Amino acid sequence: MSRKVVRTSKFRHVFGQPVKADQCYDDIRISQMTWDSNFCSVNPKFVAMIVDASGGGAFIVLPLSKTGRIDMSLPTVCGHTGPVLDIEFCPHNDNIIASGSEDCSVMIWEIPDGGLTSPLSDPVVKLDGHSKRVGILSWHPTAHNVLMSAGCDNVIILWNVARGEAVVRIDSVHTDMIYSACWNRNGSQILTSCKDKKLRVLDPRKGSVICEKDKPHEGSRPVRAVFVSDGKILTTGFSRMSERQVALWDPKNFGEPLTLQELDTSSGVLLPFFDPDTGIVYLCGKGDSSIRYFEVTDEAPYVHYLSMYSSKESQKGMGYMPKRGLEVNKCEIARFYKLHERKCEPVVMTVPRKSDLFQEDLYPDTIGPEPSVEADDWFSGKNGEPILISLKDGFVATTKNKEFKVIKSLMATTSSSSSNRQCDSAVREHRNPLPVYCVLMSLSVTNKLIMPYFLFHIQEVQALQNELRELREMIEQLTQRVSELESK
């Protein structure tokens, strides 16, 4: 008579627990859009949620400490003219958030410390390049100011956000709608799943396909895919009989999955969240009332079921807190922000331990907020590994948030002349020992732009005053001319 041996794992007893009612965010009208995105993004400072809005799209950004009932008059981020479909905080600056919308645009916003005090309608940068709605956004994990967007026009664009430029446009690879797109750990590859039933690993800078897998799941419902440990790929999808499945693949041998497990017959798309520090993947189904979690290891069957957190209310979206925002003294290994119809409820995943001391086996060094490579260098071909930090004393920022600087004219242009770039670069890096000032005047009169640029040294203040006087006179003349035209 053989005895079944239980697999040893320090995560076997991980349990999920919702926070108390007074620590939830109540009376929020979560968006009713049927789009399969997270609808929520969170970092150690803020939680952002897409909300219902009339006359366009909006989302709210709350400081984590602002719990309880949220006032209906709370200011929103409301610059989009169509519903917002996806939002994501920048991993290198907790005050920067990107949003994609049905109005085909991507906007970058800067949230002041302490949250919004008035509605925010003017983005720091607006990125136009898609011809259909933009439903997927993902910041590069190690390169500063690199953003990936995917739209329903079957196009992936890689943006240099600081310059407001679409540097790489991948428009000939996908033949149908893109279901998911994500980076690997150091951002040297992109993984996409598509409605044409293909899984693709792409070289982001060349826009070429490294390898692809046809029909990772037999069903016709959407497939989601993420990179996990050692470059392997975890997918969630549906069988031909509409049963939900989870599978693990080795891109070096895409023929057969390392493992394929059937879960249940629910219809919601499973959103995977992978924690590279613990090797745990959390599967959150839209419309489900549960979160399943599995441990991914090197031994068969590779994806080991751990447990399931269940509740009464179904989830409309889910936010996932970065590791540096967790409470390590409580052995918290993950925190989700579960969206209900009218509220957001944090759910804490904990490893039961008796000791209050720092548990080094639960918290290896994790990815910090510091980027390892600049955007221009990354687009030129340089890769950067994540810069790791220790959580032993809780994460404390030793350096200021990576400042977000827009290296472009204040007008909404998609490219800058080389002379303007040199001017911006000189001001930004302070190469000149003398103080350098760059004044940009932009006047828009009947769609004609008058954009004089002045670059001068501090000794030429007198000349500047004369030029300003002339400009004031020019503005008065133009204003008078506009009034005359309007009266006609």
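Below, the figures for the structure above:
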item	result
Where a residue in the stretch 246-263 is more than 15 Å from L199 (Cα to Cα) and its partner, wherever it lies, is open to solvent by less than 20 Å² (accessible area, probe 1.4 Å) and of a type in the set (G, A, S), with Cβ under 6 Å and at least six apart	L260/A247
Condition broken by K408, with the remaining ones in (1) modelled with pLDDT of 65 or more; (2) open to solvent by less than 50 Å² (accessible area, probe 1.4 Å); (3) within 23 Å of the chain's Cα centre (by Cα) satisfied	(1)
Among (1) in contact (Cβ under 8 Å) with a residue 60 or more places away in the chain; (2) over 26 Å from L388 (Cα atoms); (3) open to solvent by 10 Å² or more (accessible area, probe 1.4 Å), the one test that M241 misses	(1)
Cross-chain or 6+ apart pairs with Cβ under 6 Å, the stretch 154-172 first and within 17 Å of A143 (Cα to Cα), then among the hydroxyl-bearing types (S, T, Y) and open to solvent by less than 10 Å² (accessible area, probe 1.4 Å)	I157/S149
S73, sole failed condition from (1) surrounded by fewer than 18 Cβ atoms within 10 Å (Cβ to Cβ); (2) in contact with a Gly (Cβ under 6 Å, 6 or more places away or on another chain); (3) not aromatic (F, W, Y)	(2)
Unmet requirement for M33, which otherwise passes all of (1) in a loop (DSSP other than H, G, I, E, B); (2) buried (at least 22 other Cβ atoms within 10 Å of the Cβ)	(2)
Only one of G319, G255 that is within 17 Å of K215 (Cα to Cα) and either out of contact with any Lys or Arg (no Cβ under 7 Å at 6 or more places or on another chain) or part of a strand (DSSP E or B) (or both)	G255
Per-region count, the stretch 295-314, residues under 14 Å from G16 (Cβ atoms), among the hydroxyl-bearing types (S, T, Y), part of a loop (DSSP other than H, G, I, E, B) and free of Cβ contacts under 8 Å to residues at least 40 places away in the same chain	0
Matching option when the condition is at pLDDT 95 or above and in contact with a His (Cβ under 6 Å, 6 or more places away or on another chain), among E345, E295, E313	E295
Residue in the stretch 254-271 that is open to solvent by 40 Å² or more (accessible area, probe 1.4 Å), modelled with pLDDT under 95 and under 30 Å from A143 (Cα atoms) present	no
Flag if V173 is of a type in the set (V, I, T) and surrounded by fewer than 21 Cβ atoms within 10 Å (Cβ to Cβ)	yes
Whichever residue in the stretch 106-165 is of a type in the set (G, A, S) and open to solvent by less than 10 Å² (accessible area, probe 1.4 Å) and, among such residues, is nearest to the chain's Cα centre (by Cα)	S149
Residue pairs meeting the criteria (Cβ under 8 Å; at least 6 apart or on separate chains; first within 15 Å of R335 (Cα to Cα) and among the acidic types (D, E), in the stretch 274-292; second assigned to a loop (DSSP other than H, G, I, E, B) and open to solvent by 20 Å² or more (accessible area, probe 1.4 Å))	D277/P364
Qualifying residue in the stretch 16-29 (condition: among the hydroxyl-bearing types (S, T, Y), part of a loop (DSSP other than H, G, I, E, B) and either surrounded by 13 or more Cβ atoms within 10 Å (Cβ to Cβ) or modelled with pLDDT of 95 or more (or both))	no
Selection from the stretch 339-358 of residues that are among the acidic types (D, E) and either in a loop (DSSP other than H, G, I, E, B) or open to solvent by 50 Å² or more (accessible area, probe 1.4 Å) (or both)	E341, D356
Count - residues of the stretch 272-288 that are surrounded by 15 or more Cβ atoms within 10 Å (Cβ to Cβ) and in a loop (DSSP other than H, G, I, E, B)	6
Within the stretch 192-231, tally of residues that are part of a loop (DSSP other than H, G, I, E, B), surrounded by fewer than 21 Cβ atoms within 10 Å (Cβ to Cβ) and either out of contact with any Phe, Trp or Tyr (no Cβ under 7 Å at 6 or more places or on another chain) or among the β-branched types (V, I, T) (or both)	7
Count of residues meeting criterion [under 15 Å from V77 (Cα atoms) and open to solvent by less than 10 Å² (accessible area, probe 1.4 Å)] in the stretch 91-105	7
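Residues are listed down the side, and each one gets a yes or a no for (1) under 15 Å from the mean Cα position of the chain (by Cα); (2) within 18 Å of K132 (Cα to Cα); (3) without any contact (Cβ under 8 Å) to a residue 60 or more places away in the chain:
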{"position": "S41", "(1), (2), (3)": "yes, no, no"}
{"position": "F59", "(1), (2), (3)": "yes, no, yes"}
{"position": "L62", "(1), (2), (3)": "no, no, yes"}
{"position": "G68", "(1), (2), (3)": "no, no, yes"}
{"position": "T76", "(1), (2), (3)": "no, no, yes"}
{"position": "T81", "(1), (2), (3)": "no, yes, yes"}
{"position": "G100", "(1), (2), (3)": "yes, yes, yes"}
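The values are calculated or read from the model by the stated rules, or taken from the named source; none is laboratory data. Note that the coordinates shown come from a computational prediction; the quantities given were computed from them, not determined experimentally. All Cβ positions, glycine included, derive from the backbone under ideal geometry; neighbour counts span all protein chains shown. Only protein heavy atoms, including side chains, enter the accessible area calculation; ligands, DNA and RNA are left aside. Shrake-Rupley method; radii C 1.70, N 1.55, O 1.52, S 1.80 Å.
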